[in-house]
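Remarks on the structure that follows.
The values are calculated or read from the model by the stated rules, or taken from the named source; none is laboratory data. Just so it is clear, the model here is predicted, and its values are computed rather than measured. Please note: Cβ atoms are built from the backbone with ideal geometry, for glycine as well, and neighbour counts cover all protein chains shown. Only protein heavy atoms, including side chains, enter the accessible area calculation; ligands, DNA and RNA are left aside. Shrake-Rupley method; radii C 1.70, N 1.55, O 1.52, S 1.80 Å.
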Amino acid sequence: MTAREPEAPPGIEEIRRAAEALAGLLPLPTPLIYSPALSERLDAHVSLKLEFANPIGAFKIRGGVFLAGELAAELRSTGLVTASTGNHGQSIAYAAGLHGLRAVVFVPEGANPDKVASMRRLGAEVREQGARFDAANAAALEFAAEHAMRYVAVDEPLLLPGVATGALEVLDPDGGQQPDTELAIVPLGAGSGACGWVLTREGLGAACEVWAVQSARAPAGHDSWREGRIVERPDETMAEGVATGIGFEGAQAILRDRLDDFLLVEDETIAAAVVELLEQAHLLVEPAGATPLAAANQARERLAGRRVVLVLSGANITLAQLRGFLAAT
């Protein structure tokens, strides 16, 4: 397989090629399950895409494994460097180990300890830098330049074909799990998940709206999309999977004319959605993974009668977070 950097967003053939490359390397497809309880409460046909059903408990593993496979031959003597609040770093750590590459991951100080432990367990060298993602990212860029290693941004274009395979599993008219899906709600941090859905929808010509959702306490992606330019905003959310302080140009360029809507939800409603998924669907997800349900609850009247997929992007919740959420209900 020839390594290359896509000059344009991946089309459906490249996404299908990524699906073939991931076959046998990951337990795919991830399940899509219908939820009678949520369907009844939201007055819609609600299904849950369990993107956490993989070795790292997060959707990002798709992109990391595809990218590492594409670049493995040229990176044997150097390796990969990235910055992450957790799930992206786990993806790169897992993918590097799978393909025999070195991985260095920079994380903010106080990052999710379970995710940090997982990265180390997977063989990555983890370095703490700064209070928020942006400081860790700056350190990762500097380290990559100093050591001639391949820096992998959270919105790296070469991640997208792999990430998009999750949407392909649902929307593919040739054996997809639910090709007649009318609406998919996707968490957004850097934006690769939402980009994967809009590009797959576009490539297939599917009649499926795609909404992104982000915490109101870290609205940089949302505000960048609304304003049509990259903006910085405070990053104060407890949902680290959607915690960024600036919009990402690569993702925003893809989403700008393709995304159908973008919602903001409060951290309190995210926490409530974590508990609701545990109670109503018997599924335990991390805060970012619960944002689609928080958005669905907020926009309930717009879901009525529709076939809806909520993309549960990750399950790496800490015991301390879960105890806090349960105590608050």
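Annotation note: of VAL213, VAL198, the sole residue that is of a type in the set (A, V, I, L, M, F, W, C), under 17 Å from VAL309 (Cα atoms), part of a strand (DSSP E or B) and touching a residue at least 60 places away in the same chain (Cβ under 8 Å) is VAL213. The set of residues in the stretch 51-92 being assigned to a strand (DSSP E or B) and either of a type in the set (Gly, Ala, Ser) or surrounded by fewer than 22 Cβ atoms within 10 Å (Cβ to Cβ) (or both) consists of ALA58, ALA83.
For the stretch 118-134, the candidate set comprises residues that are over 16 Å from ARG102 (Cβ atoms) and part of a loop (DSSP other than H, G, I, E, B); within that set, the residue that is least open to solvent (accessible area, probe 1.4 Å) is GLY130. If the condition is being over 19 Å from GLU268 (Cα atoms) and open to solvent by 40 Å² or more (accessible area, probe 1.4 Å), then the stretch 297-317 contributes GLU301, ARG302, ALA304, GLY305, ARG306, ARG307. Screening the candidates ALA216, ALA288, ALA251 for the property of being in contact with a strand residue (DSSP E or B) (Cβ under 6 Å, 6 or more places away or on another chain) and open to solvent by less than 20 Å² (accessible area, probe 1.4 Å) yields one hit, ALA288. Annotation note: of ALA111, ALA37, ALA131, the sole residue that is out of contact with any helix residue (DSSP H, G or I) (no Cβ under 8 Å at 6 or more places or on another chain) and either at negative phi or not β-branched (Val, Ile, Thr) (or both) is ALA131. Selection of the stretch 95-110 for residues being in contact (Cβ under 8 Å) with a residue 40 or more places away in the chain and either touching a His at 6+ places or on another chain (Cβ under 6 Å) or open to solvent by 20 Å² or more (accessible area, probe 1.4 Å) (or both) yields LEU98, ARG102.
If ALA145 passes every condition in (1) open to solvent by less than 70 Å² (accessible area, probe 1.4 Å); (2) outside any loop (DSSP other than H, G, I, E, B); (3) hydrophobic (A, V, I, L, M, F, W, C) but one, which one does it miss? It is condition (1) that ALA145 fails. Within the stretch 318-329, residues that are touching a residue at least 40 places away in the same chain (Cβ under 8 Å) and surrounded by 10 or more Cβ atoms within 10 Å (Cβ to Cβ) sit with their Cβ atoms under 8 Å from residues that are of a type in the set (Asp, Glu) and in a helix (DSSP H, G or I), at 6+ positions apart or across chains, in these pairs: THR318/ASP114; ALA328/GLU268. Is it fair to say GLY130 is out of contact with any Lys or Arg (no Cβ under 9 Å at 6 or more places or on another chain) and modelled with pLDDT of 95 or more? The answer is no for GLY130.
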